[in-house]
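Notes follow the structure.
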Amino acid sequence: MLTKLFARKKKARLDIHPEFTPLIETIEQYVQKTEGFHYYEPRLPLKNCVAYDTLKNLPGTDKVDALLYLINRVNALHKVLEPNAYHTDEWNIYMLNHNLLNAFIRTRIEFPQDFSFLTLFKTFYHLSDHPFGALVSQIEKHIHKHGLSENLKKDLQAILDVPAVYECIGKGSARRYYYGPDIGKAVKKLQNLLYATDENGQSMMPPYQLGTGKFGSIVSSDLATLPQQQQDLWNALFHHLSTATTGKPAKKFLISANQLVDAIGTTQFKAMSNQWFTAAAHIAVAVEIHTHSYFGKEHSYETYEYIEAYSFNLLKGLLWTMSRFHNKHSLHIIALLTEKCFQKIPGQGPAAAGVGNAGIYTLAQSKGLKGISHLSRLKLRIRQNNTQKLIQKYIDEQARKQGIKPAQIEEISASDYGLCNGERIEAFAEYKLVLRLTAVGATELQWLKPDGKAQKSVPAFVKTNAKLSEKLKKLRDLAKQIKQASTTQRDRIDRLYSEDMSWSLADFETYYLNHGLVSQIACKLIWLLDEQPALFFAGQWQDEQGTVVTANAQTQVRLWHPIDSEANTVLAWRECLEVLQIKQPLKQAYREIYLLTDAEINTRIYSNRMAAHILKQHQFNSLAALRGWKYSLLGAYDDGRDGEIAQKTLPEQGLTAQFWIDEILDGTESFNDTGIWYYVATDQIRFCNSADQAVALVDVPALILSEIMRDVDLFVGVASVGNDPQWQDGGPDGRQDYRDYWQSYSFGDLSEVAKTRKTVLERLLPRLKIRDVAKIDGKFLMIQGKKHAYKIHIGSGNILIAPHDRYLCIVPGRGKDKNVDQLFLPFEGDNGLSIVLSKAFMLADDDKITDTTILSQL
């Protein structure tokens with residue numbers, strides 16, 4: 001029998017064993033009648049195949065012989081394939097046998113006691129293409145029945161020493177990345193089988209194979225600096241941590257990990273783990289270009305890698321084990337790594353979602369609210385719906401423990417970073433360094449000499465003093481954290497309109513007016529003291545006329561919305577803010593109001609106000625996530641859907657807002673490499689209750705209706721292809737219907753956002769240096785240049801040259817326009833207003849334009 005050729009000390013030959021040929025061919029014929037062509041990893045239709053049942057139920061060594069024959073057959077079929085012979089009859093037969101081998105080796109097989117698994121392993125033509133994990137499972141069952149003989153030990157060690165195994169779990173190239181995790185698990189199982197214990201019951205675990213990937217190389221280099229005894233302790237911990245394959249750590253896992261950490265020493269463990277987390281957070285995503293030849297044509301594609309997949313479980317285990325420590329420095333580093341792990345990689349999604357989820361778990365387990373503060377920021381930074389849901393779950397759990405609303409948890413967990421009225425002063429000998437929050441998302445570091453005068457450069461003695469240099473480095477890092485935190489807090493406050501939040505005066509002063517960071521946002525906003533709108537300015541509350549407003553312990557505070565006031569009051573507040581030169585961090589006094597229209601009263605349960613627009617889907621998806629909407633990208637190869645619904649949950653009102661999105665089925669292939677459509681069409685907006693029943697729009701609270709409409713207007717206003725000046729000819733496919741849509745959007749009626757922009761321009765225009773050559777006419781800002789007269793659409797920013805309305809394409813630059821940057825604008829965040837103004841300044845001096853692309857159109 002063929003199995004004898006695999007016994008010890010005999011040369012292994014792979015002669016074809018003819019008695020199995022008819023059986024295998026019968027199986028081939030059965031499958032071909034059912035399935036046709038076959039590709040990698042499909043499940044063969046073998047349930048009612050009598051020939052396969054015969055093969056599967058062969059007795060003893062006959063079944064082993066059948067396995068060896070099948071391996072030989074697969075290898076032989078592979079060797080005779082012509083290059084690029086995909087989808088041919090020969091390729092079909094090869095793949096069918098390949099998949100049959102995958103299925104067969106997973107059945108129960110009784111191998112002889114002295115069977116050579118090393119020789120069996122060597123018969124696999126390609127390690128990554130064949131069932132290596134299933135082979136290891138067979139070895140495990142064999143050891144459980146017959147024990148681990150010395151010969152089998154040699155076999156297992158020889159398999160572990162094969163370069164292909166080590167390379168497959170270490171370097172993490174594109175192909176290894178795909179197969180690496182499963183092979184890594186199989187290798188780990190082999191190590192456990194081979195090195196579990198010696199005859200005295202002592203661990204014989206070998207050095208943990210960190211591999212030669214980016215993260216593995218960093219850790220390996222750091223461990224090499226430690227004494228051998230410490231390396232052994234880390235080695236034992238790594239073997240344990242690499243079993244972190246679940247979504248959450250089990251109690252037993254953490255107990256064992258803590259014991260191993262105690263043996264290392266908690267100080268060293270924290271220091272080195274933080275060092276590795278920091279390094280991992282700064283690893284760049286690598287891009288590798290692959291070129292292959294198919295049917296005589298070359299095709300190229302890109303693969304991306306952040307950290308080698310083999311190290312994922314190790315990183316997860318390290319993060320889980322850090323959940324017993326709660327210091328501020330560690331939590332900050334874990335938050336940075338977590339955010340990095342959810343960086344989107346083209347065609348793949350998050351760079352390392354499993355590792356990122358481990359970071360989220362650890363932040364949620366921290367004592368106090370420091371970890372929740374980081375999760376609150378990450379909720380706005382991470383765009384994946386399931387991850388946002390996971391973060392919200394942890395925030396909700398903490399809120400239940402405290403007996404308060406989730407929104408309150410986020411506000412009381414907000415760190416002030418040691419700021420007082422937006423500043424933090426640190427002493428450097430007789431010098432001082434002032435860290436100042438200058439605007440949302442902007443900070444500055446200013447040096448003060450002993451006499452109090454400013455100094456631009458870093459003092460020389462700070463550069464030469466290692467301790468002071470390290471202190472400066474930490475402050476610069478803190479400045480970055482404050483930038484991010486200020487944006488997080490601004491966005492959190494903007495969400496309060498749908499949270500139905502109110503505070504006692506004492507709580508408001510604690511979490512807003514007297515908060516070192518949040519106060520810099522709160523003091524630029526208008527609040528309702530009971531029912532009186534007021535601004536906290538110069539240390540006291542005042543109304544829009546500058547009259548002092550009194551408040552007491554019984555006063556309730558809410559965020560003011562212009563829908564709460566009459567039009568003349570709103571205008572008075574705009575005037576007040578302009579006089580005080582207060583630039584609001586979010587659009588409040590100029591916030592758009594969307595009232596129910598007659599058409600929406602007639603349609604009753606839905607609105608078509610934002611329907612029939614063409615959006616860039618990926619841009620829309622990012623905006624939707626940023627505003628708290630849940631949306632799944634539509635693709636050409638999904639489950640047959642031709643539409644999707646973007647949804648925003650409104651728990652305080654017991655409602656869910658829906659924005660319906662449709663595919664554009666026009667026969668074109670406007671999708672990316674993963675089949676996701678580039679463009680989608682908008683449809684109706686509606687609201688549903690907890691029973692998923694449509695709610696009449698007249699029953700939706702006016703403020704909620706307005707805010708939802710504002711969100712959707714934002715999506716259309718930013719993601720519409722009508723904003724893209726390069727879509728004048730109908731986009732990439734030059735379609736007439738796209739061209740018609742672009743024309744109607746680019747120069748059509750103004751949206752509510754654009755109407756607000758027009759209002760700002762009307763107030764701003766008299767103070768601009770171009771006021772003599774600029775005026776507003778309907779939906780256009782008219783500019784009289786030296787060469788031509790121009791019409792800039794206030795909504796889209798697109799331009800027509802008068803008098804014949806010839807289109808002028810000017811693509812906005814990425815840098816700041818000094819003319820616009822120096823202007824006082826009443827609120828932050830309207831990039832469209834900046835674009836309109838920038839184009840206006842440029843066209844007013846059209847005789848000074850040097851850009852050849854623009855000049856060729858004038």
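The values are calculated or read from the model by the stated rules, or taken from the named source; none is laboratory data. The structure displayed is predicted, hence computed values, not measured ones. Positions of Cβ are backbone-derived with ideal geometry, glycine not excepted, and every protein chain shown enters the neighbour counts. Heavy atoms of the whole protein, side chains included, go into the accessibility calculation; ligands, DNA and RNA do not. Shrake-Rupley method; radii C 1.70, N 1.55, O 1.52, S 1.80 Å.
General observations
- Pairs, first closer than 15 Å to F747 by Cα in segment 799-812, second assigned to a strand (DSSP E or B) and open to solvent by 80 Å² or more (accessible area, probe 1.4 Å), C-beta under 8 Å, six or more apart: L800/R806
- Considering (1) surrounded by 23 or more Cβ atoms within 10 Å (Cβ to Cβ); (2) of a type outside the set (S, T, Y); (3) at pLDDT below 90, the lone condition that I360 does not fulfil carries the number (3).
- Selected residue (criterion: nearest to the chain's Cα centre (by Cα)) from residues of segment 207-236 that are among the small types (G, A, S) and assigned to a helix (DSSP H, G or I): G216
- Verdict on I783 being at pLDDT below 90, within 22 Å of Q743 (Cα to Cα) and either within 32 Å of the chain's Cα centre (by Cα) or buried (at least 20 other Cβ atoms within 10 Å of the Cβ) (or both): no
- Flag for G172 being under 17 Å from A352 (Cα atoms), modelled with pLDDT under 70, open to solvent by less than 50 Å² (accessible area, probe 1.4 Å) and not in a helix (DSSP H, G or I): yes
- Matching residues in segment 786-799 - criterion: being aliphatic (A, V, I, L, M) and open to solvent by less than 10 Å² (accessible area, probe 1.4 Å): I792, I794, I799
- Residues satisfying the stated conditions in segment 144-159, i.e. assigned to a helix (DSSP H, G or I) and open to solvent by 20 Å² or more (accessible area, probe 1.4 Å): H144, K145, H146, E150, N151, K153, K154, Q157, A158
- Within segment 217-259, the set of residues being among the β-branched types (V, I, T) and closer than 17 Å to S273 by Cα comprises I218, V219, T225.
- Qualifying residue in segment 363-384 (condition: at pLDDT below 90 and in contact with a Pro (Cβ under 7 Å, 6 or more places away or on another chain)): yes
- Qualifying residue in segment 314-328 (condition: charged (D, E, K, R) and in contact with a Phe, Trp or Tyr (Cβ under 8 Å, 6 or more places away or on another chain)): no
- Restricting attention to segment 403-412, the residues that are farther than 21 Å from L517 by Cβ and either in a helix (DSSP H, G or I) or of a type in the set (A, V, I, L, M) (or both) add up to 0.
- Some residue of segment 301-312 being open to solvent by 70 Å² or more (accessible area, probe 1.4 Å) and either small (G, A, S) or part of a strand (DSSP E or B) (or both): yes
- Matching residues, segment 476-491, being more than 19 Å from the chain's Cα centre (by Cα) and either open to solvent by less than 20 Å² (accessible area, probe 1.4 Å) or among the charged types (D, E, K, R) (or both): R476, D477, A479, K480, I482, K483, S486, Q489, R490
- Qualifying residue in segment 299-315 (condition: free of Cβ contacts under 8 Å to residues at least 40 places away in the same chain and either among the aromatic types (F, W, Y) or more than 25 Å from Q229 (Cα to Cα) (or both)): yes
- Any hit, segment 765-774, residues being in contact with a strand residue (DSSP E or B) (Cβ under 8 Å, 6 or more places away or on another chain), under 29 Å from T852 (Cα atoms), open to solvent by 70 Å² or more (accessible area, probe 1.4 Å) and not small (G, A, S): no
- Helices (runs of 4 or more DSSP H) fully within segment 743-858 counting 3 or more residues that are among the hydrophobic types (A, V, I, L, M, F, W, C): 752-764, 831-844
- Of the helices (runs of 4 or more DSSP H) lying entirely inside segment 560-640, those containing at least 1 residues that are in contact with a Ser or Thr (Cβ under 9 Å, 6 or more places away or on another chain) and open to solvent by 60 Å² or more (accessible area, probe 1.4 Å) span 598-603.
- Filter result for V760 (modelled with pLDDT under 85, closer than 27 Å to I582 by Cα and open to solvent by less than 50 Å² (accessible area, probe 1.4 Å)): no
- Filter result (among the small types (G, A, S) and either open to solvent by less than 30 Å² (accessible area, probe 1.4 Å) or modelled with pLDDT of 90 or more (or both)) within segment 224-243: A224, S242
- Condition check for G359 on (1) without any contact (Cβ under 8 Å) to a residue 24 or more places away in the chain; (2) within 24 Å of the chain's Cα centre (by Cα): one failure, at (1).
Residue-by-condition table, conditions (1) within 27 Å of V760 (Cβ to Cβ); (2) touching a Cys at 6+ places or on another chain (Cβ under 6 Å); (3) in contact (Cβ under 8 Å) with a residue 40 or more places away in the chain:
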| residue | (1), (2), (3) |
| --- | --- |
| C576 | yes, no, yes |
| L580 | yes, no, yes |
| Y590 | yes, no, yes |
| I605 | no, no, yes |
| M610 | yes, no, yes |
| K616 | yes, no, yes |
| A625 | no, no, yes |
| Q658 | no, no, no |
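- Condition broken by E426, with the remaining ones in (1) charged (D, E, K, R); (2) outside any helix (DSSP H, G or I); (3) under 23 Å from P585 (Cβ atoms) satisfied: (3)
- Residues being of a type outside the set (A, V, I, L, M), outside any loop (DSSP other than H, G, I, E, B) and exposed (fewer than 12 other Cβ atoms within 10 Å of the Cβ) - total across segment 445-454: 0
Yes or no, residue by residue, for (1) closer than 25 Å to R324 by Cβ; (2) free of Cβ contacts under 8 Å to residues at least 24 places away in the same chain; (3) surrounded by 17 or more Cβ atoms within 10 Å (Cβ to Cβ); (4) in contact with a helix residue (DSSP H, G or I) (Cβ under 8 Å, 6 or more places away or on another chain):
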position: L369; (1), (2), (3), (4): yes, no, yes, yes
position: I372; (1), (2), (3), (4): yes, no, yes, yes
position: C420; (1), (2), (3), (4): no, no, no, no
position: T438; (1), (2), (3), (4): no, yes, no, no
position: T443; (1), (2), (3), (4): no, no, yes, yes
position: N465; (1), (2), (3), (4): no, yes, no, no
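- Within segment 824-836, considering residues that are more than 31 Å from the chain's Cα centre (by Cα) and open to solvent by less than 40 Å² (accessible area, probe 1.4 Å), the one nearest to G795 (Cα to Cα): V836
- Boolean, A538 is among the small types (G, A, S) and under 22 Å from E444 (Cα atoms): no
- Residue ID - nearest to D724 (Cα to Cα), chosen from residues in segment 675-701 that are in a loop (DSSP other than H, G, I, E, B) and in contact with a strand residue (DSSP E or B) (Cβ under 7 Å, 6 or more places away or on another chain): Y678
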